[in-house]
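Single-structure report; data block below.
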Amino acid sequence: MTPDQAMVLLGAFLPAVEKEYDKTRRVLAAVPPDKCQFRPHPDSRSALEIVWHIASCDLWFLDGLLLQKFEMEDDTMPADFKDSADVVAWYEEEFPGKFRAVGTLAPEFWATPLPFFGIYNHPAVLYLQFMICHTAHHRGQLSAYLRQMGAKVPSIYGGSFDEPMEFPSESE
């Protein structure tokens with residue numbers, strides 16, 4: 001992949017990551033703090049575990065791009081994070097700055113293959129798409145928990161029962 005080709009993809013993926021962040025933040029924030037231990041099955045992750053996984057992985061992907069390498073690290077949630085609101089506050093604090101920094105990386109970087117644990121060796125720009133898919137997968141998983149918890153499901157790619165799509169009136 002050439003830097004010019006990578007920049008075309010970057011022009012599509014960066015705005016998509018930014019839009020996904022807002023959708024993700026809204027779903028994470030929809031988890032009631034008193035329902036964080038909910039799990040639909042004993043083998044399922046708790047709602048809080050999924051909230052942490054989504055937020056921490058989004059930031060891990062951004063950090064991997066900024067460091068220009070992906071490494072395993074301790075992904076244990078900080079002990080002082082008690083509920084979803086703590087994770088969301090951290091996510092809202094950390095994501096925007098890292099996202100802006102990622103947007104300043106050179107075109108040559110985005111075309112450079114980055115190894116991913118011996119599984120992939122894609123040009124760096126493709127990991128933005130991987131990040132989007134990973135987040136959407138787990139966000140869907142968490143969204144399925146919300147109604148079972150008695151929480152409201154935010155709209156994501158269209159309306160939900162709790163947040164129906166609003167269409168402009170004929171006169172607008």
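Here are a few things to note about the model shown:
- The value obtained for the range 3-149, namely the Cα convex hull volume divided by the number of residues, is 108 Å³ per residue.
- The chain, relative contact order in percent, only Cα pairs under 8 angstrom and at least six apart counted: 33 percent
- Amide hydrogen neighbours beyond the local backbone of LEU114, cut-off 5 Å, H modeled: HIS122, ALA124
- Net lengthening on full extension, ASN121/MET72 (0.36 nm per residue, minus Cα-Cα): 16.0 nm
- Projected label distance in nm at GLN148 and GLU92, using a 7 Å step from Cα toward the beta-carbon: 2.7 nm
- Folded to 0 to 90 degrees: helix 126-149 orientation relative to the chain principal axis, Cα: 10 degrees
- Sorting THR76, THR24, THR2, THR135 by the number of Cβ atoms found within 10 Å of their own Cβ, with the fewest placed first, yields THR76, THR2, THR135, THR24.
- 17 Å cut-off, amide nitrogen to a point 7 angstrom out along MET1 Cα→Cβ, residues in the range 63-93: 63-70
- Charges were assigned to the Cβ only: +1 to each Lys and Arg, -1 to each Asp and Glu. The resulting dipole of the range 3-149 about its Cα centre is roughly 540 debye.
- Calculated FRET efficiency for the pair ALA12/ARG39, C-beta based, R₀ 35 Å, to 0.05: 0.45
- On Cα atoms only, tilt of 47-67 relative to the major axis of the chain in degrees: 20 degrees
Taken together, the values in this text are just the output of simple stated rules run on the coordinates, not laboratory data. A quick note: this is a predicted structure, and the numbers were derived from the prediction, not measured. Cβ: placed from backbone, ideal geometry, glycine included. Neighbour counts: every protein chain shown.
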